[in-house]
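What follows is a short report on a single structure.
A short reminder: the numbers here are calculations on the coordinates, not readings from a lab. These numbers were taken from a predicted model, which means no experiment stands behind them. Don't worry about glycine lacking a Cβ; one is built from the backbone with ideal geometry, like all the others, and counts go over all protein chains shown.
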Amino acid sequence: MTDDVPIKPASTVALLRDSAQGIETLLLRRGQDLAFAPDRWVFPGGRLEAADYTADAGEVGEESAARQAAARESLEECGLHPDPAAMQLLSRWTTPVGHPRRFSTYIFAAPLPGSEAVVVDGGEICDYCWLPVAEALQRHCAGQLDILPPTMVTLRLITRFTAVDEFLRAASAMPVPQIFPVLCRTETGMASLYAGDAGYASADPDVPGARHRSVFAADHWVYTYEAVDAAHPPLIPLD
């Protein structure tokens, strides 16, 4: 596939804290009138800006700039300021071909100890909630929390752990996948195909064979990894 839409660098950060119910994360609800991901629940984040490429009076590379952008966007959108140096890179997702706006998004996780007040900007972000990660996934499966596949996959990765430090230590040893989804329609809704899926090259979800995809059905996304070549490991460790 080819596409003339420019791909812009962006970043987002899953802010995490410990609770009696396990790891909690902050989710923000985007406004209904926004051009990109309207009314979705997301992690704080946005596009990289020129100022993000300068730190300590010197130029920095794109990943360092992405950390600065994630911290800046978090402060702008919800009043919280995670430490860029404490962020753990989890993955990088590129918006599928066909979208009017495309981004190559660094997804980080960061601890947020303490009880700083969340203050949403009231424009781009209209609501927020701190939720145990397992509960967020349960709400999504019940059709009560509208999220996109990168958020769903990230939450599923985190929910395997019971404490923030434990997760961040484990994540530091995990590979950082670069994901280029292919979006296509199915009989039940939509599918986001990943490398290794039998239909990935042709954007045809009905091609028989390996299944590496997230399928939207019954108001939520379901991740599937079946009979995939080992060259394309799962995005979520399989038990």
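Miscellaneous remarks
- Residue among P181, P111, P208 with the largest mean-square fluctuation in a Gaussian network model of the chain, springs linking Cα atoms under 10 Å: P208
- Two-decimal Rg to Rh for the chain - Kirkwood Rh, Cα set: 0.95
- The range 111-239: relative contact order in percent, alpha carbon pairs under 8 Å with at least 6 residues between: 19
- Of all the options G45, G122, G114, the one that moves most in a Gaussian network model of the chain with Cα springs shorter than 10 angstrom is G114.
- Taking the DSSP bridge list for the chain and keeping only pairs wholly inside it, about 75 percent are antiparallel.
- Computed extension length for E124-A231: 34.6 nm, one decimal, from 0.36 nm per residue of separation with the Cα-Cα distance subtracted.
- Taking 7 Å steps out from each Cα toward its Cβ at A51 and E63 produces label points 2.5 nm apart.
- Near-label residues of the range 62-95 by backbone N, under 19 Å of a point 7 Å along Cα→Cβ of E135: none
- Charge dipole (debye, nearest 20) of the chain; +1 at Cβ of Lys and Arg, -1 at Cβ of Asp and Glu: 320
- Here the translational diffusion coefficient of the range 137-209 follows from Stokes-Einstein with Rh set to the Kirkwood radius across Cα pairs; for 25 °C and 0.890 mPa s it amounts to 169 µm²/s.
- Against the empirical 2.2 N^0.38 Å (N residues), the range 166-239 has a Cα radius of gyration ratio of 1.18.
- Overall shape of the range 82-203 was characterised from the C-alpha gyration tensor. The equivalent ellipsoid obtained from it has semi-axes of 27, 19, 16 Å, in decreasing order.
- Sequence-separation-based contact order of the chain, relative, with Cα cut under 8 Å and 6+ spacing, percent: 20
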